[in-house]
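The values are calculated or read from the model by the stated rules, or taken from the named source; none is laboratory data. Because the structure is predicted, anything quoted here is derived from the model rather than measured. Note that each Cβ is placed from the backbone with ideal geometry, even for glycine, and that neighbours are counted across all protein chains shown. These area figures cover heavy atoms from the full protein model, side chains too; ligands, DNA and RNA do not enter into them. Shrake-Rupley method; radii C 1.70, N 1.55, O 1.52, S 1.80 Å.
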Amino acid sequence: ETISLAVGDKWQGVYRFDAVTLKGVRFLSVDPVRATDVQVFSTAEIRRLDSGSLTVKAGATLTQLPTPSGGVAENVTLNLTGALTIEAGGAIDVSGRGYASNKSYPGATTPGDSTGGSHMGYGGLWTAVGTTYGSVYRPSEAGGGGGNGSSGGGIVRIVAGSVANDGAIRANGGTDACCGQRTGAGGSVWISAASVGGAGTVEARGGDGAYYGSGGGGAIAIEYTTGSVPTNLLARAGSPSSQNKYGGAGTIWVKGPSPAVYGDLTVDNGGKTGQATALPSLGSGVAQAGSGGATLVTDRSADIPAYFAGHWVEISTSAGALKGTCQISAATGGINAKTVTLVSCSPAVTVAVGDKWQGVYRFDRNSVLNGANLVSADPIRTMSSIVLDGSTIDTL
């Protein structure tokens, strides 16, 4: 290919291979690694792979780098044009590689002593609970560490042509290395693929084996376009807790092909009654000076966290008449301090100063099961059905 360079073009160094074989290594590169086929035969630590296909063999584990002490959590990012295959006995496992003991997402409060870590579900309460945080639709946050306990779960992001998982994909909270007294929260697993199949599990649960507070559940999101999605999805709180201080369930969001519009939310705490699952609140208010077109300048007291990308926002006139519902852009600059860019509005919306805005959650179906307690300060709009099985929904 003939290339004609121009001033202002972007350039990026890359490594290119036909095949990559990983056996018991820490595989690091700041420049992207692009390969046709990658196979993992034992434990390998990575940040990112861009490949045609990836196979995690039986007995092998692909994981993220350990989170630096007090630092930003690492993650595993897989961008595959072809198939991800996880054989039975193989795993992508970032359990216990999220936020360390007494650490959490920037701006979130941390748990008190002997309380489990929080993420989408609150940690099991002993002294003081940490706040929840993160995204239902685009989970990319690590799990919070327990109060003087174990680390939370890490982060897995997968984009692939297809996923065949006969092993496991795990982002579970860690178990206290000392004595299992208080455990970390589940992390995040976000999968986008044409098809997702296999008999394996996908997990983002709190750490098991707590004496005091168990970790809350994390977040799983799966988007697919053909076939059916696996049912082995687990985002419960850690269990057991010898003192019955259970955390809240995490969230499982699945969006398949049409007629799905907003996807289905399941909150399932595995039969344990404990803390709530508290969906983070964008809030509500009035469009400020500088608003116009697709730009909404909010009157929030604090900057908008990055995890609200993709969140839904209703725009109404100053008199309260609904103008339309939009999403917050996930593009670079879509969230800037207290200002957001709105996309995918239905019907088309032109924001004006003085308009009212309200963050909302939208789902096709909402199931709250097995002891879960779903709480949301932002309204939850469900298109088809709500299923409750010994559980509760509370929109504050």
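With a cut-off of 8 Å between alpha carbons and a minimum separation of six or more residues, what is the relative contact order of the chain in percent?
Computed value for the chain: 11 percent relative contact order.
Given a 1.4 angstrom probe, I'd like the percentage of the accessible area of the chain that is carbon and sulfur, rounded to a whole number.
50 percent
Apply the a/c threshold of 1.5 to the C-alpha gyration tensor of the chain and tell me whether it is rounded, prolate or oblate. Let's see the in-between values first.
Working: a/c = 1.58, a/b = 1.09, b/c = 1.44.
Since a/c reaches 1.5 but b/c is at least a/b, the shape of the chain is classed as oblate.
So how far, in whole Å, is the C-alpha centre of region 188-226 from the one of region 9-44?
That distance is 25 Å.
How much of the DSSP bridge set in the chain is antiparallel, in percent, rounded to the nearest 5? Walk me through the intermediate numbers first.
Numbers: 27 of 113 bridges.
Antiparallel: roughly 25 percent of the beta bridges in the chain.
Rounded to the nearest 0.05, what FRET efficiency is calculated for Ala319 and Ala377 with R0 set to 25 Å and r the Cβ-Cβ distance?
Rounded to the nearest 0.05, the efficiency is 0.60.
Quick check: Cα centre of region 359-390 to Cα centre of region 228-275, how many Å?
12 Å
Just grab the label-to-label distance for Ser385 and Thr350, each label 7 Å out from Cα along the Cβ direction, in nm (one decimal).
Once both label points are built, they end up 4.3 nm from each other.
Probe of 1.4 angstrom, ligands and nucleic acids ignored: what's the accessible area per residue over region 96-175, in square angstrom?
Per residue, region 96-175 has an accessible area of 28 Å².
Give me the percent relative contact order of region 19-170, please, defined on Cα pairs under 8 angstrom at least 6 residues apart.
It comes to 22 percent, rounded to a whole number.
Could you give the accessible area per residue of region 35-81, probe 1.4 Å, as a whole number in Å²?
Computed with neighbouring chains in place, this is 38 Å² per residue.
What accessible area per residue, rounded to a whole number of Å², is obtained for region 185-287 using a probe radius of 1.4 Å?
With the other protein chains kept in place, region 185-287 gives 31 Å² per residue.
For region 218-298, calculate the relative contact order in percent as a whole number, restricting contacts to Cα pairs under 8 Å that are 6 or more residues apart.
26 percent
Any chance you could count the Lys pairs in the chain whose alpha carbons are under 18 Å apart, treating pairs 8 or more apart or on different chains as valid?
For the chain, qualifying lysine pairs total 4.
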